[in-house]
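The values are calculated or read from the model by the stated rules, or taken from the named source; none is laboratory data. Predicted model only: the values in this text are computed from it and were never measured. Don't worry about glycine lacking a Cβ; one is built from the backbone with ideal geometry, like all the others, and counts go over all protein chains shown. Each accessible area value is taken on the protein alone, full model and side chains, heavy atoms only, with ligands, DNA and RNA left out. Shrake-Rupley method; radii C 1.70, N 1.55, O 1.52, S 1.80 Å.
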Protein chains: 2
Amino acid sequence: MNIEVQTNIEDVIAAIAAPPEIYLAQARTRLDSLTKPLGSLGRLEDLAAQWFAIRQGNLTAPVSKSVYVFAADHGITAEGVSAYPAKVTQQMVLNFLSGGAAINVLARLNRVAMNVVDVGVDGDLFGYAGLLDGKVRRGSRNMLREPAMSPEEVAAALAVGLTMAEAAHTKGTNLVAVGEMGIGNTTAASVMTAALTGMPAALVTGKGAGLDSEGYLRKCQIVEAVVKNHFVQPAGPRKILRCAGGLEIAAMTGMILGAARRQMAIVMDGFISTAAAAIACGLAPAVRPYLFAGHQSQEPGHRILLAHLEMEPILDLQMRLGEGSGAVLAMPVLEGAMRLYQEMATFASAGISGATA
Amino acid sequence: MNIEVQTNIEDVIAAIAAPPEIYLAQARTRLDSLTKPLGSLGRLEDLAAQWFAIRQGNLTAPVSKSVYVFAADHGITAEGVSAYPAKVTQQMVLNFLSGGAAINVLARLNRVAMNVVDVGVDGDLFGYAGLLDGKVRRGSRNMLREPAMSPEEVAAALAVGLTMAEAAHTKGTNLVAVGEMGIGNTTAASVMTAALTGMPAALVTGKGAGLDSEGYLRKCQIVEAVVKNHFVQPAGPRKILRCAGGLEIAAMTGMILGAARRQMAIVMDGFISTAAAAIACGLAPAVRPYLFAGHQSQEPGHRILLAHLEMEPILDLQMRLGEGSGAVLAMPVLEGAMRLYQEMATFASAGISGATA
């Protein structure tokens, strides 16, 4: 790994502070003064208030957007849980680097800086221009047989994410999307969701990138078996991450913790990044007010995880791609909410009559 | 009215042709070749295919976006159906012209050209820079007592919209949002929805800009009474528009018809613009494939109208503002869908393995 680790996870967790509640009330007062019927911007008003609170009332810095896509392979793919072969992880990383993937297109359109991080791809990617090398191991271990990561591997992968958060902060990023690529990682997220919420395997498992019915049933059985192997007793977020999380999921967890510590607004993508966010919230509940749910994925476990976090998605477009695509697609809505907050006239300034009721 | 009427409504209706079905199949073939699991872009794939069909396979021209906001007053406000006084229509038009309304902010952010058209504001707005003067009458008639418009007024208002569509076409616009401002116009849209779908007043009537419970009950009674006065027998779209539509709704209908005739993609906003679109589809069913539903409004009648048109909204953010705000907010999603279609690599070009299943 050529990225210098700059931060200790325990220090970061201790340093995360939720924005003071007073900013939400201040935001509501301003929103109610804008030239629109009270509450008529709906969810946009909640998004704007949350953004105002994250920025602690200081909106002078322009919005600076980045997406970080963390890639890794998963030992569990040996059990036949995915419709695509594991080598697609590496192939898609190269696609990210050459600009041909969905996330590249959406990042270009919405002016979001694109970052690709190898945390654990099972292949030699060293030296590719534009790739951030944070490789911890060539893929996680097969979680059906042993914990997916050793404690040292978890720590190293978390540190990759923390380092990325520090780099983003240094560049002035204040709105960050967290995405991933990893064949097999919906299986990891399903196990994590079952462990976090106690829901049965059948309710947290989906068809991933496109399993047929037979493949889906096999995946459900694997998820159930992994849960049984590691989580007979209820487990905390650290153990859940170590036993079931992929290397990219641990790195995303680190990125989310580090971004919250630096008071960035964080947009989750789908099932996998929400699993990372749920672990981050488990480690540090003060992360929660920095999070936005970019979209509702079609993976059934994602709905359960969002309910677990008590969050509503911004978009619901039946997507199930990952890569950060749903998060980056939601960014213009979030930016719209903020700009409305900042730029709309007030009833007083525009000389407009209020409600008569 | 200083806008020269260039088009006859019957000629326009006759000239509207749905895009050939073949383009949808062509689009599906390309979508399935892109570097993503089959169908994993969800609704974005439907949006891209529809856009490709509207453009009849020719995507060389860049996306050029405009929003048209049509403003008019409503005679029915004499019955106390709105939380805001009627003079707010004119005040908000001035707010549009000075750039302080929600639609201004969203149009600037998303690079959408903003057009404000006075079709029937009850006030003297002549000579304001930037306002397109299409005034037919100072407000519609009180539809509780008589049809909201005379046949000549309907024709004149439709012509305003047609003229705007021609102007947009001449400027190279290929993606147009249709919005409105008009105190009292949710009452008009509720009556139109009841007449179009046969649904009872209580199900098509909402709280508009913010009625209290008492005001809401009064509005329901007015809607029911108007429906009884004009629509004892099932009525066609022309009669529904004349008896219950406001001048801005008729102009929006004309704009939608004219835009479909010129093969523009049309993004509806909320309840009012969808009522206009439903009338346009009633007059010319070939309009339907040119329409996108920008968002789901909180007005209960909007859900019914979208079901009537068999359309799914792009966004659902509990908004109820109008002005075209939901339509313009949805434009980046639509543009994202198109750009993904155009710019993503294919499995073959990127050398990526397909599904093994």
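What the table below lists for this structure:
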| read-out | value |
| --- | --- |
| Residue match in the stretch B:127-144 (condition: without any contact (Cβ under 8 Å) to a residue 24 or more places away in the chain and aromatic (Phe, Trp, Tyr)) | no |
| Yes/no for residue A:30 being within 21 Å of residue A:288 (Cα to Cα), of a type in the set (Lys, Arg) and either at pLDDT 95 or above or touching a strand residue (DSSP E or B) at 6+ places or on another chain (Cβ under 9 Å) (or both) | no |
| Enumeration of residues in the stretch B:136-154 that are surrounded by 24 or more Cβ atoms within 10 Å (Cβ to Cβ) and either of a type in the set (D, E, K, R) or assigned to a strand (DSSP E or B) (or both) | none |
| Restricting the stretch A:34-66 to residues that are touching a Ser or Thr at 6+ places or on another chain (Cβ under 9 Å) and more than 12 Å from chain B (Cβ to nearest Cβ), the residue that is farthest from residue A:222 (Cα to Cα) | A:64 |
| Residue among B:170, B:186, B:163 that alone is without any contact (Cβ under 8 Å) to a residue 40 or more places away in the chain and closer than 23 Å to residue B:328 by Cβ | B:170 |
| Residue ID - nearest to residue A:85 (Cα to Cα), chosen from residues in the stretch B:9-39 that are of a type in the set (A, V, I, L, M) and open to solvent by less than 40 Å² (accessible area, probe 1.4 Å) | B:34 |
| Scope the stretch B:155-167; condition within 28 Å of residue B:82 (Cβ to Cβ) and buried (at least 23 other Cβ atoms within 10 Å of the Cβ); matching residues | B:156, B:157, B:158, B:159, B:160, B:161, B:164 |
| Top-ranked residue of the stretch B:303-323 - restricted to ones that are away from chain A (no Cβ under 13 Å) and touching a residue at least 60 places away in the same chain (Cβ under 8 Å), ranked as least open to solvent (accessible area, probe 1.4 Å) | B:305 |
| Given (1) away from every other protein chain (no Cβ under 14 Å); (2) open to solvent by less than 40 Å² (accessible area, probe 1.4 Å); (3) not charged (D, E, K, R), number of the condition residue A:85 does not satisfy | (1) |
| Cβ-Cβ under 7 Å pairs, at least 6 apart or on other chains, the stretch A:324-343 side at the interface with chain B (Cβ under 7 Å from one of its Cβ atoms) and closer than 19 Å to residue B:326 by Cβ, far side outside any helix (DSSP H, G or I) and open to solvent by 10 Å² or more (accessible area, probe 1.4 Å) | A:332/A:110; A:332/B:110; A:335/A:63 |
| Residue B:294 being modelled with pLDDT of 95 or more, within 23 Å of residue B:101 (Cα to Cα), in contact with a helix residue (DSSP H, G or I) (Cβ under 6 Å, 6 or more places away or on another chain) and not hydrophobic (A, V, I, L, M, F, W, C) | yes |
| Restricting the stretch B:104-122 to residues that are within 13 Å of chain A (Cβ to nearest Cβ) and out of contact with any Phe, Trp or Tyr (no Cβ under 7 Å at 6 or more places or on another chain), the residue that is surrounded by the fewest Cβ atoms within 10 Å (Cβ to Cβ) | B:111 |
| Residue B:124, sole failed condition from (1) within 27 Å of residue B:219 (Cα to Cα); (2) acidic (Asp, Glu); (3) in a loop (DSSP other than H, G, I, E, B) | (1) |
| Residues satisfying the stated conditions in the stretch A:201-218, i.e. more than 16 Å from residue A:271 (Cα to Cα) and touching a residue at least 60 places away in the same chain (Cβ under 8 Å) | A:211, A:212, A:215, A:218 |
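One line per residue, one yes/no per condition, for (1) at negative phi; (2) of a type in the set (A, V, I, L, M, F, W, C); (3) touching a Lys or Arg at 6+ places or on another chain (Cβ under 6 Å):
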residue	(1), (2), (3)
A:105	yes, yes, yes
A:111	no, no, no
A:127	no, no, no
A:134	yes, no, no
A:138	yes, no, no
A:169	yes, no, yes
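Conditions tested, residue by residue: (1) touching a residue at least 60 places away in the same chain (Cβ under 8 Å); (2) open to solvent by 10 Å² or more (accessible area, probe 1.4 Å); (3) under 29 Å from residue B:106 (Cβ atoms).
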residue: A:41; (1), (2), (3): yes, no, yes
residue: A:44; (1), (2), (3): yes, no, yes
residue: A:51; (1), (2), (3): yes, no, yes
residue: A:68; (1), (2), (3): yes, no, yes
residue: A:79; (1), (2), (3): yes, yes, no
residue: A:90; (1), (2), (3): no, yes, no
residue: A:99; (1), (2), (3): no, yes, yes
